[in-house]
Amino acid sequence: MATKLQDRAAKLYDADFYAWVEEQAARLRAREFEALDLDNLIEEVEALGRAEKSSMLNNASVIIEHLLKREHSPAPEPRNTWRASVREHRRRLRRDLTPRLRQILAAELPTLYGEIRDDTAALLRDYGEDAAADALPETCPYTLDRITGDWWP
């Protein structure tokens, strides 16, 4: 019986993902564990975690990029747009940042910063701001508190 239910659930997963989600949630609530599509359920739970991590890293990346541009670019505009973007992405980051995601951000910050620094330097050079690109620090000048808080360069 359980195998038939699991096979049906696996087919539903491929045919109608949203219906599969609803069914799996109902089975979890009813504690019908033998009827769960465990293989796909495990994959989806892992995917949820990856999506949360990706969102966190994306928000942190935008914050770092726009803080670097505000601090180093001589351009008078779009400074206010960068500031608004930092505020928006800080709000998103603070809303989603759990203790575990904060640990991950701290661990990945050096690598993340290197990527953002390279991208920001290329962007500054695209606008003829070579001196600003050359002035970008080699290591991340921003602590997690500066990235997530109200600090401004």
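Can you give the percent of C-alpha pairs in region 79-135 whose distance is more than 16 Å?
More than 16 Å apart: 62 percent of the Cα pairs in region 79-135.
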Review point. Which Cα, out of Ala106, Pro78, Pro137, lies furthest along the positive dipole direction of region 77-153 (beta carbon charges, K/R +1, D/E -1)?
Key: Ala106
Check your understanding: Against the longest alpha carbon principal axis of the chain, how many degrees, from 0 to 90 and to the nearest 10, is the axis of helix 2-15 turned?
Key -> 40 degrees
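Under 25 °C and 0.890 mPa s, how fast does the chain diffuse according to Stokes-Einstein, given a Kirkwood radius computed over C-alpha pairs? Answer in µm²/s, whole number. Show your work: numbers first, answer last.
Working: Rh = 18.3 Å.
For the chosen part, D equals 134 µm²/s.
What is the sum of charges around Leu93, taking Lys and Arg as +1, Asp and Glu as -1, for the other residues whose C-beta is under 15 Å from the C-beta of Leu93?
Details: positive: Lys53, Arg87, Arg90, Arg91, Arg92, Arg94, Arg95, Arg100, Arg102, Arg146; negative: Glu52, Glu65, Glu88, Asp96, Glu108, Asp145, Asp150.
Cβ neighbours under 15 Å give a net charge of +3.
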Review point. With charges set only on the Cβ (+1 for Lys and Arg, -1 for Asp and Glu), what does the dipole of region 7-76 come to about its Cα centre, in debye to the nearest 20?
Key: 460 debye
**Study point:** His72 accessible area, assembled protein chains, probe 1.4 Å, Å²
**Key:** 50 Å²
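Can you give me the % of accessible surface on region 2-59 that is carbon or sulfur? Probe 1.4 Å, all protein chains present, nothing else counted.
On the way: 2190 of 3970 Å².
Accessible surface attributable to carbon and sulfur in region 2-59 totals 55 percent.
I'd like to check one number: the per residue accessible area of region 41-114, probe 1.4 Å, reported in Å² as a whole number. Can you show the working numbers first?
Numbers: 4140 Å² over 74 residues.
The answer is 56 Å² per residue.
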Review point. Over region 26-107, with a single point scatterer placed on each C-alpha, what log10 of the ratio I(q)/I(0) does the Debye formula yield at q = 0.21, 0.23, 0.27 1/Å?
Key: -0.94, -1.02, -1.17
Practice item. May I ask you to evaluate 6.51 cos²θ - 1.76 cosθ + 1.60, the Karplus curve with θ = phi - 60°, for each residue of region 32-38 and list the ³J(HN,Hα) values in order in whole Hz, giving x for glycine and proline? Key: 8, 5, 5, 9, 6, 8, 4
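The values are calculated or read from the model by the stated rules, or taken from the named source; none is laboratory data. No experiment lies behind these values; they were computed from the predicted model shown. Using ideal geometry, Cβ is built from the backbone for each residue, glycine included, and neighbour counts are taken over all protein chains shown. Just so you know, the surface numbers come from the protein's heavy atoms only, side chains and all, with ligands and any DNA or RNA stripped out. Shrake-Rupley method; radii C 1.70, N 1.55, O 1.52, S 1.80 Å.
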